[in-house]
1. What is the residue count in the range 97-107 for residues that are surrounded by 12 or more Cβ atoms within 10 Å (Cβ to Cβ) and either within 19 Å of Cys21 (Cα to Cα) or more than 14 Å from the chain's Cα centre (by Cα) (or both)?
2. For the range 88-128, how many residues are among the small types (Gly, Ala, Ser) and closer than 15 Å to Lys43 by Cβ?
3. What's the total number of residues in the range 92-116 that are at pLDDT below 95 and either within 20 Å of Asn75 (Cβ to Cβ) or not in a helix (DSSP H, G or I) (or both)?
4. From the list Lys134, Lys110, Lys69, pick out the single residue that is in contact (Cβ under 8 Å) with a residue 12 or more places away in the chain and among the basic types (Lys, Arg).
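The values are calculated or read from the model by the stated rules, or taken from the named source; none is laboratory data. Small disclaimer: the values here were computed from a predicted structure and weren't measured. Virtual Cβ from ideal backbone geometry, glycine too; neighbours counted across all protein chains shown.
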Amino acid sequence: MSGHKIDITNLKNCIEALRECIDAYKSNTNEQMQSFIEDSCVKRFEFTVETAWKTMKKYLKEAYGKDDKELTMNNIFRFMEGYGFIKSWEVWRAYYDQRNDTSHEYNRSKALNLLKSMDSLLEDTKYLYAELEKELNK
């Protein structure tokens with residue numbers, strides 16, 4: 001796998017930014033600040049999901065020769081699960097759907113629902129990053 005030029009630095013940066021936001025969200029006690037932190041967490045959730053799937057797509061093209069036609073969103077996640085980079089394509093599909101729900105229109109109840117998935121997205125993205133890092137450093 002060495003020789004592949006996939007840069008996963010952005011994914012690492014997203015993980016760190018999401019983790020910081022989750023920590024602030026969980027430790028904040030000021031009600032006024034809470035809504036600002038929630039908005040920031042939603043945004044960071046969105047760009048973490050976006051960066052993750054784009055990284056997956058790029059990796060599948062580079063490492064496995066997949067083309068755009070076969071790389072539908074569901075197939076990206078299915079391939080990545082099949083190759084062991086993620087644990088559940090359905091969970092990733094749900095993250096992607098949540099991202100779409102909040103990025104196209106602001107809806108407080110959808111945003112609050114998304115916040116419930118922050119911890120699992122963080123863990124799943126850390127897993128993805130670790131697996132990609134192992135493979136890219138071979």
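1. Of the residues in that region, 6 qualify.
2. Final tally of qualifying residues: 3.
3. First, the residues of the range 92-116 that are at pLDDT below 95: 97-116.
With the extra rule that they be either within 20 Å of Asn75 (Cβ to Cβ) or not in a helix (DSSP H, G or I) (or both), the set shrinks to 97-100, 104-107, 116.
Residues flagged as at pLDDT below 95 and either within 20 Å of Asn75 (Cβ to Cβ) or not in a helix (DSSP H, G or I) (or both) within the range 92-116 amount to 9.
4. Lys110
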